[in-house]
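Notes for the one structure printed next.
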Amino acid sequence: MTHSLTRPDVLAGLIVVALNGYVLLGGADFGGGVWDLLASGPRRDRQRALIAEAIGPIWEANHVWLIIVIVLLFTCFPPAFAELATTLHIPLTLMLIGIVLRGSAFTFRAYHNGDSATQLRWGRVFAIASSVTPVLLGVCVGALASGAVPRAGKTGFTAVFVAPWLTPFCLGAGALTLALFAFLAAVYLTVEARDVALQEDFRRRALGAALAVFVAAAGTLAAALRGAPLTARGLTAMPWALPLHVATGAAAVAAIGALWARRYGLARLAAGAQVSLIVWGWALALYPYIVPPTLTIAGAAAPEVTLTLVLWAVAGGALALFPSLVYLFRIFKRS
Amino acid sequence: MTDLLAARLQMAVSLAFHIVFAVVGIGMPVLMILAERRWHRTGDRLFLELAHRWARGTAILFAVGAVSGTVLSFELGLLWPRFMERAGAIIGMPFSLEGFAFFTEAIFLGVYLYGWDRVSPRAHLAAGGLVAVSGGLSGIFVVIANAWMNAPTGFDLVDGRPVNIDPIAAMLNPAAFAQTLHMTLAAYAATGFIVAGIHALHLLPDPRNAFHRRALAVALLVGAPAALVQPLSGDLCGRVVARRQPAKLAAMEGQFRTEVGAPLRIGGWPDERAGETRYAIEIPKGLSLLAFHDPGATVKGLDAFPRRDWPPVAVVHVAFQVMVGLGSVMALVGAWALALMACGRDLTTHRWLLRALVVAAPMGFLCIEAGWTVTEVGRQPWVIYEVLRTADAVTPMPGLVVPFTIFTLLYCFLGLIVVWLLYRQVLKSPAAAAEAMPVGARSREGV
């Protein structure tokens, strides 16, 4: 590092922390919906019940990480938020519809008891929305990384509002996000499952998802070399790139090894580390930009006074929230 | 339909939908913890059943509120990127604080809804208390941001760009106190009244039903005092509008001409072309008295403003009449109920009060929708009052009629489902409720 971290850098980092929280917690809730969709075999209903039980008390709290990402983004980097929301209007709107349907359908299913046909239909809506939403999130994240978001110099509806995100690279990023969320969910569910048969179901699913992650990551990287040179350069040429890839790879191998050895607690830890490293790798590939290739973190930052106040608010919020979150997870989750 | 109109309608639909769930998220936790506390105190299991039942309703409504609120936070940028680009640094602060308050709310709602037999009764009640407090705070923070759009402070405008930004001064804007007080009271009044009305409906044919009697008492405890003092906070809001947004006040009152000793118009239909409000009952000097506490005060009419700075007069005036009219009815019904309770009377023997409560049940929500129409439509054509026009804030994205249609259909559909589920889960009488538990039984059971 040639220069010390500035205040905008710190806040951009905090946004990545919140995004990381959303991916690890909210992402796994979406992944749960994927496994609801793919529930099969003699224990199909018990798989679904386990997923619902695991998500029920926590999904709303997990979802708030996304809201934190958005409010920090528009408070600390208003031009970046405006640019993203303009260019990515279509995938973001589709993602919101997915978020609304996922949350509503999950709750409707839970409270529509006594009518199993209707419950089944809500379950289907929940599962499909859970599977589509992560793809759209990944598409948006991919579009940002590929440097296609800024509108300057573009004309025409397709060039401004469609071309930046409808690319092989972005679709690859969408598939990778879906695979990662499904992977996280399956690994977490091996810990949550109370009996060996269900544990085995989700162990197999976790291993399958790990393979899907590998394929999607390879495909996305290949597409990046062709379609997103900025990301590709960030992910290959930077001094931190190699250690990061080594660490990510080590975490992935550790997660698969732990799953293989049925050490589920360890697998959960390694999978979380693997996914977090991917999030931070993406963020570092963007640095020092927030909307590459035009808006830098420093250039898009709100005035110092706003950033200082937000830092205090985040510090105060963290002080109150972390004990609360620990309390929530201690009540409902097995360690 | 122009893109600007589609964007405004999509925002209106999203806000009108979300506000119902947001209000319930502020009001219901208070009802739940009051019922649960009574169960702790008296050991009367009907109060526990009540808390359970209200919690089920709250769970459904909170989920829809959480996701529709997420939609709104994105829509600020999806529909109004030029607004957020300028306002984000000034007014993002209360949104950030709201984010943390909402986080607290979601965490402890999870504990409350799913933790009945996992945490101690005291911890459970405390979790409910935290949901109530953080729910109230969430609402206050969001309304502070809205108040800033009406009375923007905390920056200087140089060449159309905000400089010298002071987010604290922006939060302490002149409209913030009146608006947050008015909205918080509205949330308690609306929730209390709709719950009271539902249980009053059950008590009309079955006045001895112990379950509904307890529910009615708790709901009125929250709703009636709030409805009773609400006109005072409304007066405070009105006077802030009179000072800060005279064009909005003129539209609310159908005041086309600037006038010394302006009359208060009740009802009536403002005709923008003719420049007069017809068929209204006029109380001489009433508006000057109410808005400035001086019967001789001059009230600016719409004629003091260029035509392009007028809000849509008829919509604002009618919405304001609806809010004030229904709000007054609620205050009267609330006073009636409180007077009977203060005298120790049995409310269920006063059938006309029960009928009035049934009729007043939806009024709080109608008032809230009408009141937000006054605030938002009355601010037009500005998104930031006298700083940024709504037309200059809209996204360049074409075809906005498509997302507007999709969200409208989606929300209509979800609204129907929610009503149906609440009917099944909450509104039907519990089977065993007619057999009242002995009220004096003080032994706490179970857990």
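Within chain B, which complete DSSP H helices have Cα atoms spanning at least 20 Å along the helix axis and a mean Kyte-Doolittle hydropathy of -0.5 or higher?
B:3-42, B:45-79, B:81-114, B:121-150, B:176-203, B:210-244, B:313-342, B:363-379, B:401-422
Would you mind calculating the gained length between B:VAL329 and B:LEU232 on full extension (0.36 nm times residue separation, minus the Cα-Cα distance), in nm to one decimal?
The span from B:VAL329 to B:LEU232 would gain 33.5 nm if fully extended.
Mind ordering B:115-123, B:395-403, B:289-297, B:328-336 by average Cβ neighbours within 10 Å, highest first?
Result, highest mean Cβ count within 10 Å first: B:328-336, B:395-403, B:289-297, B:115-123.
Can you classify the protein assembly as shown as rounded, prolate or oblate using the Cα gyration tensor, where a ≥ b ≥ c are the square roots of its eigenvalues, rounded means a/c under 1.5, and otherwise it's prolate if a/b beats b/c and oblate if not?
Cα axes put the protein assembly as shown in the oblate bin.
Starting from the amide H of B:ALA280, placed 1.01 Å from N in the peptide plane, find each other amide H under 5 Å away whose residue is 5 or more places distant or on another chain.
Sorted by chain and number, the residues that satisfy this are B:TRP269.
At B:VAL260 and A:ALA117, where each label point lies 7 Å from the Cα along Cα→Cβ, what is the point-to-point distance in nanometres?
7.6 nm
Could you give the size of the charge dipole of the stretch B:1-108 about its Cα centre, using +1 on the Cβ of each K and R and -1 on the Cβ of each D and E, expressed in debye and rounded to the nearest 20?
Dipole magnitude for the stretch B:1-108 comes out near 300 debye.
I want to check the label-to-label distance for B:VAL402 and B:ASP271. Put each point 7 Å from Cα in the C-beta direction and report it in nm to one decimal.
Modelled inter-label distance: 4.3 nm.
Any chance you could check the Cα centroid distance between the stretch B:296-313 and the stretch A:124-196 for me, in angstrom?
So the two Cα centres are separated by 50 Å.
If you fit an axis through the alpha-carbon atoms of helix A:241-260 and take the longest principal axis of the Cα set of chain A, what angle between them do you get, 0 to 90°, nearest 10?
With both axes taken from Cα atoms, the answer is about 0 degrees.
Could you calculate the FRET efficiency of A:ASP45 with B:VAL133 from 1/(1 + (r/R0)^6), where r is the beta carbon distance between them and R0 is 30 Å, rounded to 0.05?
0.15
In vacuo Debye scattering of chain A, one point per C-alpha: log10 I(q)/I(0) at q = 0.15 Å⁻¹?
For the requested q values the scattering log ratios are -1.34.
So what's the back-of-envelope 222 nm ellipticity for chain B, counting only DSSP H runs of four-plus at -39500 (n - 2.57) apiece and dividing by all residues, rounded to 500?
So the calculated ellipticity at 222 nm is -24000 deg cm²/dmol.
Just tell me which aspartates and glutamates come within less than 15 Å, Cα to Cα, of A:LYS154; anything on the same chain fewer than 8 places away is out.
Straight-line reach from A:LYS154, under 15 Å: A:GLU83.
Apply the Karplus parameterisation 6.51 cos²θ - 1.76 cosθ + 1.60, with θ equal to phi minus 60°, to every residue of the stretch B:290-299 and state each ³J(HN,Hα) to the nearest whole Hz, in sequence, with x for glycine and proline.
5, 7, 10, 6, 8, x, x, 5, 8, 10
Label A:ARG151 and B:LEU416 with points 7 Å out from Cα along Cα→Cβ: what is the distance between them in nm?
About 3.6 nm separates the two model spin labels.
Have a look at B:THR184, B:TRP269, B:GLY254 and report the one farthest towards the positive end of the charge dipole of the stretch B:174-271, computed about the Cα centre with Cβ charges (Lys/Arg +1, Asp/Glu -1).
B:THR184
For chain A, what is the mean residue ellipticity at 222 nm derived from helices alone (per DSSP H run of n ≥ 4: -39500 (n - 2.57); sum divided by total residues; nearest 500 deg cm²/dmol)?
So the helix-based figure for chain A works out to -26500 deg cm²/dmol.
Where a number appears in this text, it was derived from the coordinates with a stated rule and is not lab data. Owing to the predicted nature of the structure, the values given are computational and were not obtained by experimental measurement. Cβ coordinates were reconstructed from backbone atoms using ideal geometry, including for glycine residues, and neighbour counts include every protein chain displayed.
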